[in-house]
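Report on one structure; see the data block that follows.
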Amino acid sequence: MYTSKFIFFSLIFLLLLTFLAPSISSELDLTDENGDDVDGLEELIALDEQEDSQHHEKPSEAEFVSKAQRIVLELNNDNTKRAIDGNEYVLVLGYAPWCVRSAELMPKFAEAATALKELGSSLLMAKIDAERYPKVASTLEIKGFPTLLLFVNGTSQPYTGGFSAEELVIWARKKTGVPIIRISSDAEASHFLKKHSMFVVSLFEKFAGPDYDEFTKAAKMDNEIQFVETSNAEIAKHLFPNIKPTNLFLGLVKSEPEKYTEYEGTFSTDEILQFLDDNKFPLVTVLTELNAARVYSSTNKLQVLIISEPDDFKKLVEPLQDVARKFKSGIMFIFVDIREDNLAKPFLTMFGLEESEDSVVISFNYSSSLKYLLESDTTPTSLEGFCSGLLSGTVSPYYKSQPIPDNKNMSILTVVGKTFDELILNSPENILLEIHTQWCISCETTSKQMEKLAKHFKGLDNLIFARIDASLNEHPKLQVDDYPTLLFYSADDKTKPIQFPTKSSVKELAALVNKNLKAQDREIRDEL
């Protein structure tokens, strides 16, 4: 069967693929067949500004999106090289008209472009329909949808930020030389608070010295959070009301129950970044298709997922937040709506719980590729005990298993995860085990060969034939990465099974069985 690690990352990858799932969507196209060039873009912006001066009514959302999308340059066969070579910074969105993720990202990208323009950023925001211009997209190395690439003086680097308009702006400003915003007045602070829900605030007596240098390095290295600095204690208090009287301060602000978190470590770049990693997520993160990649890339090695109906989760959220506070440095808590098949089902499948309608609490350790299941009722007490056990190593890993079958009078025993020790590892007999899956095409041929072998060797007391469905059963001692697989477990040593070639004929397999039985001076049967 697949190893636990292989299944673990395969299904996580399946979950990530939903982030790029295709769907039919529409996108406003403001270019003609030949596309707009950079000069045309400037004319559109000027026209928009002229219209704004003539009309004072608040624009509708559709009008806002339309205007924002005109600020984004549409690349084509003629203008792409000129746009990238002629600008120091260009952020390119590669999309396909049918891609639902592209359609979701497009208005956020346009909104970010508008915000960056208002901030006076020199960054050019551009997009390209990779289906309409495949050669250009290939030259830019756009291979999936959506793809975001930043070109700095013509050289590309991958986008590593979030996917909201605010996160796009923060990442873009950090990469184009503005990692920190300096705030010098209450008016600036008020304006900033209207636009940012999460940020790092710092107070320095002077914007110089070793502590400030470490802070600046951290601001440049972080890709997600806006950093703010001030030298005025009253302004710092405006941004972080819980601040204590001091000349040196750093804290994290976010729009969550734990809104203000003060940094208490030394001003070291690594320690500041670790503080942000430990605290940037909510106490309990709601998993969505847009934040899935960011959640999986979290440095927290342990993740505890609560998969349930939203109404059931609401009853648990407050006590769960109390538990999360106790373990936030070592465990990330995530809520998954069980009704969202794209998000919940891959996790449930990994535990053999696809049909579950009740709340499920599971955990993953990314460093060891082990998974865990809370097998008692979900209560604050059981959750806290589960988390304590995960960190102390006293919770046993979970391996999925089908129900124990009735093998009475069966020529080939059916092994499940729960019976692998008893029927295979602890059995005093020689065992030929067939490892298959439900979706394996070539497994059917091997299964028929096993039936012929079992019939041929019928009555031989020291030889047992068995099979296990690796897609539904797991065991830590069964580490196989190909299907079908045939393993011969000798009665003398069950720790080192011998692998038989599955492409052999029945006669060749019978000869291999006899060869291994001969080594034990046991009764053998004539070959076929």
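Here are some notes:
- Only residues that are within 14 Å of residue 74 (Cα to Cα) and open to solvent by less than 10 Å² (accessible area, probe 1.4 Å) were counted across the stretch 107-124, and they come to 3.
- Where residue 426 falls short, out of the listed (1) within 15 Å of residue 333 (Cα to Cα); (2) open to solvent by 60 Å² or more (accessible area, probe 1.4 Å); (3) over 26 Å from the mean Cα position of the chain (by Cα); (4) of a type outside the set (Ser, Thr, Tyr): (1)
- Residue match in the stretch 214-235 (condition: open to solvent by less than 30 Å² (accessible area, probe 1.4 Å), in a helix (DSSP H, G or I) and in contact with an Asp or Glu (Cβ under 7 Å, 6 or more places away or on another chain)): yes
- Residue 421 being exposed (fewer than 15 other Cβ atoms within 10 Å of the Cβ) and assigned to a loop (DSSP other than H, G, I, E, B): no
- Condition check for residue 513: open to solvent by less than 20 Å² (accessible area, probe 1.4 Å), modelled with pLDDT of 95 or more and among the β-branched types (Val, Ile, Thr): no
So that you can scan it fast, the table gives a plain yes or no per residue for (1) on the phi < 0 side of the Ramachandran plot; (2) in a loop (DSSP other than H, G, I, E, B); (3) in contact with a Lys or Arg (Cβ under 6 Å, 6 or more places away or on another chain); (4) surrounded by 14 or more Cβ atoms within 10 Å (Cβ to Cβ):
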| site | (1), (2), (3), (4) |
| --- | --- |
| 343 | yes, no, no, yes |
| 348 | yes, no, no, yes |
| 353 | yes, yes, no, yes |
| 385 | yes, no, no, yes |
| 410 | yes, yes, no, no |
| 413 | yes, no, no, yes |
| 438 | yes, yes, no, no |
| 447 | yes, no, no, yes |
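- Residue match in the stretch 312-322 (condition: in contact with a Ser or Thr (Cβ under 6 Å, 6 or more places away or on another chain) and open to solvent by 40 Å² or more (accessible area, probe 1.4 Å)): yes
- Whichever residue in the stretch 79-126 is basic (Lys, Arg) and over 25 Å from residue 342 (Cβ atoms) and, among such residues, is modelled with the lowest pLDDT: 117
- Selection within the stretch 264-275: residues that are in a helix (DSSP H, G or I) and within 22 Å of residue 247 (Cβ to Cβ). The member of this set that is most open to solvent (accessible area, probe 1.4 Å) is 271.
- Subset of the stretch 361-383 that is assigned to a strand (DSSP E or B) and open to solvent by 10 Å² or more (accessible area, probe 1.4 Å) - its residue that is nearest to residue 308 (Cα to Cα): 373
- Pick from the stretch 449-461, criterion part of a loop (DSSP other than H, G, I, E, B) and open to solvent by 20 Å² or more (accessible area, probe 1.4 Å), ranking: modelled with the lowest pLDDT: 461
- Within the stretch 106-157, tally of residues that are part of a helix (DSSP H, G or I), closer than 27 Å to residue 196 by Cβ and charged (D, E, K, R): 4
- Sole residue being within 23 Å of residue 391 (Cβ to Cβ), without any contact (Cβ under 8 Å) to a residue 60 or more places away in the chain and either in a helix (DSSP H, G or I) or not basic (Lys, Arg) (or both), chosen from 304, 317: 317
The values are calculated or read from the model by the stated rules, or taken from the named source; none is laboratory data. Everything quoted here is computed from the prediction, not taken from an experiment. A quick note on method: Cβ atoms are made from the backbone with ideal geometry, for glycine too, and the neighbour counts reach across all protein chains shown. The accessibility values were calculated without ligands, DNA or RNA, using every heavy atom of the protein model including side chains. Shrake-Rupley method; radii C 1.70, N 1.55, O 1.52, S 1.80 Å.
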